[in-house]
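Encoded as structure tokens, the structure appears first; notes follow it.
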Amino acid sequence: FQGALYEEMVGRIPKTDESVPYFLNGYWYYTRFIETGEYPIYCRKEGSLDAEEEIMLNVNEMAEGYDYYQVTGLSMSPDNRILSYGVDTVSRRIYTVYFKNLETGDLYEHSIPNTTGRATWAADNEHTFYAIKDESLRSYKIFRHQLGSPASDDVEVFHEEDATFYTYVYTTKSKEYIVIGSGSTVSDEYRVLKADDPTGEFRV
């Protein structure tokens, strides 16, 4: 009976599903699945949906050999060349951020461990910002990373010392500012920095 229920539920799930495409900075982005795979394939097309498909990440291939594998936080550099993304292989929501050159298909040598899974790009295509977690999995520090350098060289730009708050970083919709947010149940605070001045000082 359990087997019959399982087969009925699986039979109602499309195995070749595809997300609704969205347009960003000259490219159409979408996610699709194949019948023989359990994981998503992240794709894009330049300019038009009729253009040739470019596969950015095939998670089915990346997940081979792992009992658990999750990709999150895909973020494209402003010049559309470099993809950053987070990977969790132990189901703890602790992600290692990787950087992939989409022109060559190569991964950058240095990755960033113990993050929330997403890197936020500055306008120079060289610097990113990200949050790391403490032992309780609270995101509590923001660091600045320079592409191509080891994570040990990254610069701490904010530390949320209040254990009732968590912190995060993102860019505004205009892409003109990088914002560090710090939030709790009834209170929020924001620090902003011009996206073209990544080594500058954030202001409240």
Would you confirm whether any residue within region 105-128 is of a type in the set (A, V, I, L, M, F, W, C), buried (at least 20 other Cβ atoms within 10 Å of the Cβ), farther than 26 Å from ILE55 by Cβ and modelled with pLDDT of 95 or more? yes
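Which members of region 132-156 meet the condition of being touching a strand residue (DSSP E or B) at 6+ places or on another chain (Cβ under 8 Å), open to solvent by less than 50 Å² (accessible area, probe 1.4 Å) and either aromatic (Phe, Trp, Tyr) or more than 21 Å from VAL186 (Cα to Cα) (or both)? Lay out the reasoning, then the answer.
First pass over region 132-156, keeping only residues touching a strand residue (DSSP E or B) at 6+ places or on another chain (Cβ under 8 Å): 132-134, 138-147, 151, 153-156.
When the remaining residues are screened for being open to solvent by less than 50 Å² (accessible area, probe 1.4 Å), the result is 132-134, 138-145, 147, 151, 154.
Residues satisfying the conditions are ILE132, LYS133, ASP134, TYR140, ILE142, PHE143, ARG144, HIS145, LEU147, ALA151, ASP154.
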Residues within region 117-156 that are over 16 Å from THR96 (Cβ atoms), hydrophobic (A, V, I, L, M, F, W, C) and not in a strand (DSSP E or B), tallied: 2
Determine the pairs where a residue that is over 14 Å from ILE112 (Cα atoms), located within region 124-144, has a partner that is of a type in the set (S, T, N, Q) and open to solvent by less than 40 Å² (accessible area, probe 1.4 Å) with Cβ atoms under 8 Å apart, the partner being 6 or more residues away or on another chain. ASN125/SER77; SER139/THR167; TYR140/THR167
I'm checking my understanding of the structure. Among residues of region 98-109 that are without any contact (Cβ under 8 Å) to a residue 40 or more places away in the chain and either touching an Asp or Glu at 6+ places or on another chain (Cβ under 8 Å) or assigned to a strand (DSSP E or B) (or both), which one is nearest to THR172 (Cα to Cα)? TYR98
VAL10, sole failed condition from (1) part of a helix (DSSP H, G or I); (2) at pLDDT 95 or above; (3) aliphatic (A, V, I, L, M): (2)
Reported set for region 8-50 where residues are among the charged types (D, E, K, R) and either surrounded by 13 or more Cβ atoms within 10 Å (Cβ to Cβ) or more than 24 Å from ALA63 (Cα to Cα) (or both) is GLU8, ARG12, GLU18, ARG32, ARG44, LYS45, GLU46, ASP50
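Please go through region 172-186 and pick out each residue that is of a type outside the set (Ser, Thr, Tyr), part of a strand (DSSP E or B) and without any contact (Cβ under 8 Å) to a residue 40 or more places away in the chain. I'd like the intermediate steps shown before the answer.
To start, the set of residues in region 172-186 that are of a type outside the set (Ser, Thr, Tyr) comprises 173, 175-176, 178-181, 183, 186.
Filter once more, keeping what is part of a strand (DSSP E or B): 178-181, 183.
VAL179, GLY181, GLY183, listed by residue number.
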Just to verify a result, which residue in region 157-169, among those that are of a type in the set (A, V, I, L, M, F, W, C) and part of a loop (DSSP other than H, G, I, E, B), is farthest from the chain's Cα centre (by Cα)? ALA163
Under 8 Å between Cβ atoms, at least 6 apart or on separate chains: pull out the pairs that start in region 190-202 with a residue that is among the hydroxyl-bearing types (Ser, Thr, Tyr) and end on any residue that is surrounded by fewer than 14 Cβ atoms within 10 Å (Cβ to Cβ). TYR190/VAL204
Those residues of region 187-204 which are more than 15 Å from HIS127 (Cα to Cα), in a strand (DSSP E or B) and not acidic (Asp, Glu) amount to TYR190, ARG191, VAL192, ARG203
Here the residues within region 187-204 that are touching a strand residue (DSSP E or B) at 6+ places or on another chain (Cβ under 8 Å), surrounded by fewer than 18 Cβ atoms within 10 Å (Cβ to Cβ) and not aromatic (Phe, Trp, Tyr) are ASP188, GLU189, VAL192, LYS194, THR199, GLY200, GLU201, ARG203, VAL204
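Among the residues of region 167-186, what is the count of those that are of a type in the set (Gly, Ala, Ser) and exposed (fewer than 14 other Cβ atoms within 10 Å of the Cβ)?
If we filter region 167-186 for residues that are of a type in the set (Gly, Ala, Ser), which is where we start, we get 174, 181-184.
Next, from what is left, pick out any that are exposed (fewer than 14 other Cβ atoms within 10 Å of the Cβ): 174, 184.
Residues flagged as of a type in the set (Gly, Ala, Ser) and exposed (fewer than 14 other Cβ atoms within 10 Å of the Cβ) within region 167-186 amount to 2.
The values are calculated or read from the model by the stated rules, or taken from the named source; none is laboratory data. The shown structure was predicted, so the numbers you read here are calculated from the model rather than taken from an experiment. In this analysis, Cβ positions are derived from the backbone assuming ideal geometry, glycine residues included, and neighbour counts consider all displayed protein chains. When the accessible area is computed, the model is the full protein with side chains, heavy atoms only, and any ligands, DNA or RNA have been set aside. Shrake-Rupley method; radii C 1.70, N 1.55, O 1.52, S 1.80 Å.
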